[in-house]
Amino acid sequence: MLRKALPLINTIRELGVDDEIVLNVIGSIDRSLFLPPTLTHKAYENNALPIGQGQTLSQPYTVARMSAILRQHIQEQGINTPQILEIGTGSGFQTAVLTQLFTHVYSIERIKSLQFQARRRLRHLDCYNFSLKHGDGWEGWPSKGPFDGIIVTAAAATLPEALLAQLSPQGCLLIPVGESDQQLYLYQRQGDEFIHQIIEAVKFVPLVPGELQ
Ligand code: SAH
């Protein structure tokens, strides 16, 4: 754990995330490496921060909460070599966290320059168990699926059906849905059906459908 991350990790713990493995991973990855140089002094505040192109690095509490939900699900299901799909690579911080928790992480980003920077940062941190793709996350990544966990880090106006179709039999989808009022949903497969629960209110940039920039 990085010493400078301790107050932030305590804040996240106080907000209710008690998965010490997730907290330890988040506190061990230098968040300042995922920010533009002018914002590195804010790296250990519990806030979302701009990363250019109108996008944001998610709030650390949210990264912790979503990672902990995913890890709990994977553990409960007894999945041994979890394959995860992330939609919205952005800065790559959430991707880096996921690589430390799961076997392989696939991540899709629609803005090429962000994807490029994220790849450089992840390599710099000696992460190798990831694959990045420049594309539209609404479609998922069918050739690499099915996935044991899918995590969407942008808010979808409606549920992307393609993502549900790419879940493994025990898989789960964690996705913010809504526009001005967003809720974090957890979907789980149950045979041919899906059950869902609402976790909590969240605030994400929109998941943009369609064309690439
Ligand atoms: N997990 C990232 C969050 C970045 S913000 C982080 O913490 O840094 C959400 C990201 O989703 C943005 O980079 C945005 O470009 C991307 N995004 C939005 N719509 C998308 C889509 N349809 N497909 C893939 N990525 C998308």
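FYI, it's all coordinate maths here, none of it is from the lab. Please read these numbers as outputs of a predicted model, since none were measured by experiment. Positions of Cβ are generated from backbone atoms using ideal geometry, with glycine treated the same way; all protein chains shown enter the neighbour counts.
When Lys and Arg each count +1 and Asp and Glu each count -1, what net charge do the other residues less than 9 Å away from His134, Cβ to Cβ, add up to? Could the numbers behind the result be given before it?
Values: positive: Arg110, Lys112, Lys133; negative: Glu109.
Around His134, the charge tally is +2.
Farthest toward the positive end of the dipole of the chain, out of Ala201, Leu125, Gln188, is the Cα of Leu125, where the dipole comes from beta carbon charges about the Cα centre.
If only the Cβ of Lys and Arg carry +1 and only the Cβ of Asp and Glu carry -1, the dipole of the chain around its Cα centre is close to 900 debye. Computed over all pairs of different Cα atoms, the Kirkwood value for the hydrodynamic radius of the chain is 17.1 Å.
Looking only at the stretch 50-202, where both bridge partners belong to it, what percent of the DSSP beta bridges are antiparallel (to the nearest 5)?
50 percent
So which residue, out of Ile198, Ile151, Ile175, gets the largest mean-square fluctuation from a GNM of the chain using Cα contacts under 10 Å as springs? Comparing Ile198, Ile151, Ile175 in the GNM, the peak value goes to Ile198. Dipole orientation for the stretch 50-202: of the candidates Tyr61, Ile79, Leu98, Leu98 has the Cα lying most toward the positive pole (charges on Cβ; Lys, Arg +1; Asp, Glu -1).
Counting only helical runs of four or more DSSP H residues, what would the 222 nm mean residue ellipticity of the chain come to if each run contributes -39,500 (n - 2.57) and the total is spread over all its residues? Each step should come with its number before you reach the end.
On the way: 6 runs with 62 residues, N = 213.
Helix contribution divided over all residues of the chain: -8500 deg cm²/dmol.
Seen from Lys144, the other residues with C-beta closer than 14 Å to its C-beta sum to a net charge of -2, counting Lys and Arg as +1 and Asp and Glu as -1.
When +1 charges are put on Lys and Arg Cβ atoms and -1 charges on Asp and Glu Cβ atoms, the dipole computed for the stretch 155-213 relative to its Cα centre reaches about 160 debye. Take the Cα of Met1, go 7 Å toward its beta carbon, and none of the backbone nitrogen atoms of the stretch 93-118 fall under 17 Å from that spot.
Which ordering of Thr81, Thr62 is given by a fewest-first count of other beta-carbon atoms within 10 Å? Intermediate results must be reported in sequence, preceding the final value.
Numbers: Thr81 8, Thr62 22.
Fewest-to-most ranking of Thr81, Thr62: Thr81, Thr62.
Other residues within the sphere of radius under 14 Å centred on the Cβ of Leu122, judged by their own Cβ, net out at +2 (K and R +1, D and E -1).
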